[in-house]
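What follows is a single structure, written as structure tokens, with notes after it.
The values are calculated or read from the model by the stated rules, or taken from the named source; none is laboratory data. As the structure is a prediction and not an experimental result, all values here were calculated from the model. Quick reminder, even Gly has a Cβ in these numbers, built from the backbone with ideal geometry, and neighbours come from all protein chains shown. Side chains are part of the model used for accessible areas, which takes the heavy atoms of the whole protein and leaves out ligands, DNA and RNA. Shrake-Rupley method; radii C 1.70, N 1.55, O 1.52, S 1.80 Å.
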Amino acid sequence: MSTDYVAVVTGAASGIGRALADALHARGARLLLADIDADALTTTADRLGATAVTADVADPAAMETLAARAQGVSLVCLNAGIVGPSLGAVWDVPPDEWDRVFAVNVNGIVNGLRAFVPRLLAANARAHVLITASLAGLAVFPAGGAYGPSKHAVTAIAQHAAMALADTPVTVSMICPALVATGMSNEGIPPSVVAEDALKAVDDGNFALVPHEWHRAVTAQAERIVSGRAPTPPMPA
Ligand SMILES: NC(=O)c1ccc[n+]([C@@H]2O[C@H](COP(=O)([O-])OP(=O)(O)OC[C@H]3O[C@@H](n4cnc5c(N)ncnc54)[C@H](O)[C@@H]3O)[C@@H](O)[C@H]2O)c1
């Protein structure tokens, strides 16, 4: 990754998005940062000398406006996401909560792709889309409400996008972290570690970043499905 590039990060006011912004700033990127939390976004953007765009990723028009402002962008980090208040079984999640989690986590990624990909293809220059998925989008954990199902949609969307863009200058990666200590989780690894690993994956041309200790659990669940057995909760190695 050269130092002469423009990067966009959604969900940049906190957690993994803020850590991506920090890491990109350290690499010399010019940053366009987006978040729904205007005050927290301003704090981060001012600290990094970045442009702040208050935007709800669930709103297609807001993502169009963001993309239109991102001239010369070569890295788009579609990162914003939410857990939602209800963390029980899927039938315990009220319809409005289910819709909002999918609107942000799934439609947010699709809105980002719809707004940015045609512009990146028209520019016909090397560019990258980095999608923040989750381990919960590859392995099925008990409960968790709408979050896991939404993140499964995100990992599928990332794969669809990577295949569709295979013969273009635009590449796609997805990161699938386990727990990260952010506004979303009190436990986990530091977001700075996730951000550095994510940018390294982009540099190395890797499609997916999945924590090593969870590889076996992901493949074990797939093996149970194809052999017709009922799923069991995944465990790290
Ligand atoms: N923290 C974890 O354990 C973990 C693990 C795997 C994946 N993730 C994913 O990482 C991403 C970032 O989450 P985080 O852990 O940094 O959480 P976080 O809550 O610290 O940060 C999320 C940011 O997204 C913003 N945001 C929320 N809804 C938005 C919307 N509609 N439009 C624009 N911005 C919005 C929030 O204001 C916040 O600044 C999410 O997609 C999340 O699902 C998190």
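Quick grid of which residues meet (1) surrounded by fewer than 18 Cβ atoms within 10 Å (Cβ to Cβ); (2) within 11 Å of the ligand (Cβ to nearest atom); (3) within 20 Å of ALA21 (Cβ to Cβ):
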| position | (1), (2), (3) |
| --- | --- |
| GLN159 | yes, no, no |
| VAL180 | no, yes, yes |
| VAL202 | no, no, yes |
| PHE207 | yes, no, no |
| ALA220 | yes, no, no |
| GLU223 | yes, no, no |
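Only one residue in ALA89, ALA29, ALA80 is of a type outside the set (Asp, Glu) and within 8 Å of the ligand (Cβ to nearest atom). Which one?
Result: ALA80 is the single residue among ALA89, ALA29, ALA80 that is of a type outside the set (Asp, Glu) and within 8 Å of the ligand (Cβ to nearest atom).
Say whether the condition of being buried (at least 21 other Cβ atoms within 10 Å of the Cβ), among the hydrophobic types (A, V, I, L, M, F, W, C) and within 20 Å of ALA70 (Cα to Cα) is met by at least one residue in region 187-199.
Checking region 187-199: at least one residue is buried (at least 21 other Cβ atoms within 10 Å of the Cβ), among the hydrophobic types (A, V, I, L, M, F, W, C) and within 20 Å of ALA70 (Cα to Cα).
Tally time: how many residues in region 92-130 are away from the ligand (no atom under 16 Å from the Cβ) and either under 18 Å from ALA62 (Cβ atoms) or touching a residue at least 60 places away in the same chain (Cβ under 8 Å) (or both)?
Result for region 92-130: 4.
Go through region 10-26 residue by residue and tally those that are crowded, with 23+ Cβ neighbours inside 10 Å and more than 10 Å from the ligand (Cβ to nearest atom).
2
Which condition from (1) more than 14 Å from the chain's Cα centre (by Cα); (2) surrounded by fewer than 23 Cβ atoms within 10 Å (Cβ to Cβ); (3) farther than 21 Å from ARG27 by Cβ is the one that PRO169 breaks?
Only one criterion is unmet by PRO169, namely (3).
Quick check: is even one residue across region 123-134 open to solvent by 30 Å² or more (accessible area, probe 1.4 Å), under 28 Å from TYR5 (Cα atoms), among the polar types (S, T, N, Q) and at pLDDT 95 or above?
yes
Those residues that are crowded, with 21+ Cβ neighbours inside 10 Å and over 18 Å from the mean Cα position of the chain (by Cα), I need them from region 27-47; list them, please.
If the condition is that a residue be crowded, with 21+ Cβ neighbours inside 10 Å and over 18 Å from the mean Cα position of the chain (by Cα), then ALA29, THR44, ALA45 are the ones that fit.
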